[in-house]
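Structure first, commentary second.
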Amino acid sequence: MQFDLIIIGAGPGGYVAAIRAAQLGMKVAVVDSRAKAGGTCLNVGCIPSKTLLHSSHKYWSANNEFDHYGITCDNVDIDLKKMIAHKDAIIDDLTSGIGFLFRKNKIEFIHGRASFKKSEEKTTVQVQPIDEGGKIAGDVKILEAPHIIIATGSKPIEIPGLPFDEKKILSSTGALTLTHAPHHLVVIGGGYIGLELGSVWRRLGSEVTVVEAMPDIVMTMDKDVRDSLKKSLMNLGISFKFHRKVFGYRQHEKKMHLQLAATNETLEKEEMMVCDAVLVAVGRTPCTDHLGLKDVGIATDERGFITVDKGFKTSCAGVYAIGDVIGGMMLAHKAEEEGIALVESLNTQAGHINYNVIPAVIFTQPEVASVGLTEEQAKEQGYTLKIGKFPMAANSLAKAISQTEGFVKIIADQKTDRVLGVHIVGAQAGAMIAEAAIAMEFSASAEDLARTCHAHPTFSEALKEAGWETFSKALHK
Ligand code: NAI
């Protein structure tokens, strides 16, 4: 079968690239081993976790916050089966939506396992069709195209000694389908997944302990952000054990006895922790198994990520790679941008991504969002800084709806006033960060943010006030 473009992987990188390529007139085939398009993000990642974060927050609110607003509700209960079914229905709806977009754009979606084949100087893709259960379903198809994109994403890293069984040793996938809240859930890894899914199960009734090898949660975030988020999560009832790794466990009756090793010399070398289940969230590794990369000379780095040049070209002519499989920030929207930039460059020779302006959001309560440099990074890069910080507690909407946790922090260059980074902790941080990203994309100064009229009463006024703090004084502080 002949196409202009073959894309392996129908996650946010692959499916968005496919739609843009079709809009630009290419005949596109997308191959995925999942029956439903959408990749990790829609099937077992961003969307299901956000659905459960939302549902669990409603339950938590009803039990812990409604009373504050004068609403009495007794005997609040959870129907976990229904909550999970609701999440599954949302996934179905969204993945079908991608099916619709594929049909609308005349993109051929092939459910099967793809691998590379070299034949007569050509690189082709061989696809073994499979059914929903992963069994072989039909004859191998050979696809040909002048351009092939690998967008196969990533999968959770396993810790030796703790193989996933998705019952007691959970990956992020298993933690989205539990049928009851474990009494004590230990989360290994205080990163994005650990903090989001740890929040879900804490709200639904589990005792949650986060075990983190580093001295703090999400070390890539600004220190002020980490301090604030940690405080909020501790208020939720999550406990933290830093400087520790889990290296194994022993099952004793129904309990797991986890073996922890210190990563800091001042601590006991080894200790034990009793729990009912563990969620392993220690990062993700690229999905390249069975692709046959070596057969066609596609190089990977020491961690298995496919190596590409600035134009996403791999070491095999005509083959490109984007998204988690090439490393960098493992975020759906980063993969989307790469997909669009690549197919535009294949068609129009123009395609660019500003990696300095990729926002990141953690959907805890409050949310955390950031874009650009942290204070620590900016100092390391030799900038002299102007920093403006404004607390949500002084924002009128935050007060009106009693969501006063957090702050906005703007980091600007002392010399030019250019915004270098924005960090937000707050109820609507995820939505607010878009304004900061646009400001940075257009090289705005911190004073530009301060002097732009912001609607009242909104959380975004905190951004404006933080802007004022960089060169003068906030008006409501
Ligand atoms: P992560 O890289 O965010 O965090 C992993 C954490 O585990 C790190 O803090 C690391 O120090 C710690 N760690 C590593 N090995 C350990 C060990 N043996 N014992 C204890 N701690 C250990 O990775 P995570 O949370 O698994 O997420 C994977 C990727 O998925 C992230 O890169 C993130 O970008 C993405 N993601 C994004 C979300 C969002 O945009 N809201 C939500 C969920 C995931």
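Every read-out reported here was derived from the displayed coordinates using simple, explicitly stated rules and does not represent laboratory data. Everything quoted here is computed from the prediction, not taken from an experiment. Here the Cβ positions follow ideal geometry from the backbone for every residue, glycine too, while neighbour counts run over all protein chains shown.
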* By the scheme Lys and Arg +1, Asp and Glu -1, what is the net charge of all other residues having a beta-carbon under 10 Å from that of Ala398? -> -1
* Asked: How large is ³J(HN,Hα), in whole Hz, for each residue of the stretch 312-327 in order, when computed from phi with the Karplus curve 6.51 cos²θ - 1.76 cosθ + 1.60 and θ = phi - 60°, using x for Gly and Pro?
  -> 6, 6, 8, 7, 10, 4, x, 10, 10, 9, 9, x, 4, 5, 9, x
* With an 8 Å cut-off on Cα pairs and a minimum separation of 6 or more residues, tell me the relative contact order of the stretch 169-282 in percent. => 34
* Asked: Gain in length, Asp92 to His352, computed as 0.36 nm per residue apart minus the alpha-carbon separation, to one decimal in nm?
  -> 90.3 nm
* Structure fact -> Descending packing, highest mean Cβ count within 10 Å first, for 128-140, 45-57 is 45-57, 128-140
* Structure fact -> Net charge near Ser49 (other residues with Cβ under 10 Å of its Cβ; Lys, Arg +1; Asp, Glu -1) is +1
* **Potential lengthening between Glu144 and Leu236 on full extension [0.36 nm per residue; Cα-Cα distance subtracted]** => 27.8 nm
* Between Gly205, Leu233, Ile188, whose Cα lies farthest towards the positive end of the dipole of the stretch 169-282 when Lys and Arg beta carbons carry +1 and Asp and Glu beta carbons carry -1, centred on the Cα centre? -> Gly205
* Could you give the distance between the Cα centres of the stretch 1-80 and the stretch 280-357, to the whole Å? -> 22
* To do: List, in order, the whole-Hz ³J(HN,Hα) value for each residue of the stretch 362-367 obtained from phi through the Karplus relation with A = 6.51, B = -1.76, C = 1.60 and θ = phi - 60°; use x for Gly and Pro.
  => 10, 8, 7, 10, x, 6
* **Gain in span if fully extended, Thr179 to Glu65, counting 0.36 nm per residue against the direct Cα distance** => 38.5 nm
* Asked: Along the stretch 134-141, what does the Karplus equation 6.51 cos²θ - 1.76 cosθ + 1.60 (θ = phi - 60°) give for ³J(HN,Hα), rounded to whole Hz, x for Gly and Pro?
  -> x, 8, 4, 9, x, 7, 4, 10
* Structure fact -> Once amide hydrogens are built 1.01 Å from N within the peptide plane, the residues lying 5 or more places from Lys255 or on another chain with amide H under 5 Å from its amide H are none
* Put +1 on the Cβ of each Lys and Arg and -1 on the Cβ of each Asp and Glu in the stretch 10-99; which of Gly13, Met26, Phe66 then has its Cα farthest toward the positive end of the dipole? -> Met26
* To do: Could you size up the charge dipole of the chain around its Cα centre, putting +1 on the beta carbon of Lys and Arg and -1 on that of Asp and Glu, and report it in debye to the nearest 20?
  => 240
* Over the chain, what is the mean sequence separation of C-alpha contacts under 8 Å (at least six apart), divided by residue count, expressed as relative contact order in percent? -> 14
* Asked: Where nothing but the Cβ of Lys and Arg (+1) and of Asp and Glu (-1) is charged, how large is the charge dipole of the stretch 169-282 around its Cα centre, in debye to the nearest 20?
  -> 200
* According to the square roots a ≥ b ≥ c of the eigenvalues of the Cα gyration tensor, what is the shape class of the stretch 357-471, taking rounded for a/c under 1.5, prolate for a/b larger than b/c otherwise, and oblate for the remainder? -> prolate
* Asked: Where the centre of each part is set by its Cα atoms, how far does the stretch 217-232 sit from the stretch 115-151, in angstrom?
  -> 44
* Could you work out how far apart the two model spin labels at Ser472 and Ile438 are, taking each label as a point 7 Å from the Cα in the direction of the beta carbon, and quote it in nm? => 2.4
* To do: Compute the signed sum of charges (Lys and Arg +1, Asp and Glu -1) over the other residues within less than 15 Å, Cβ to Cβ, of Gln251.
  => +2
* Structure fact -> Filtering the chain for DSSP H helices with an axial alpha carbon extent of at least 30 Å and a Kyte-Doolittle mean of at least -0.5 returns 80-104
* To do: Report, in deg cm²/dmol and to the nearest 500, the calculated mean residue ellipticity at 222 nm for the chain, where each DSSP H run with n ≥ 4 adds -39500 (n - 2.57) and the sum is divided by the residue count.
  => -9500 deg cm²/dmol
* **Nearest-20 debye value, the stretch 357-471 charge dipole, Cβ charges on Lys, Arg, Asp, Glu** => 140
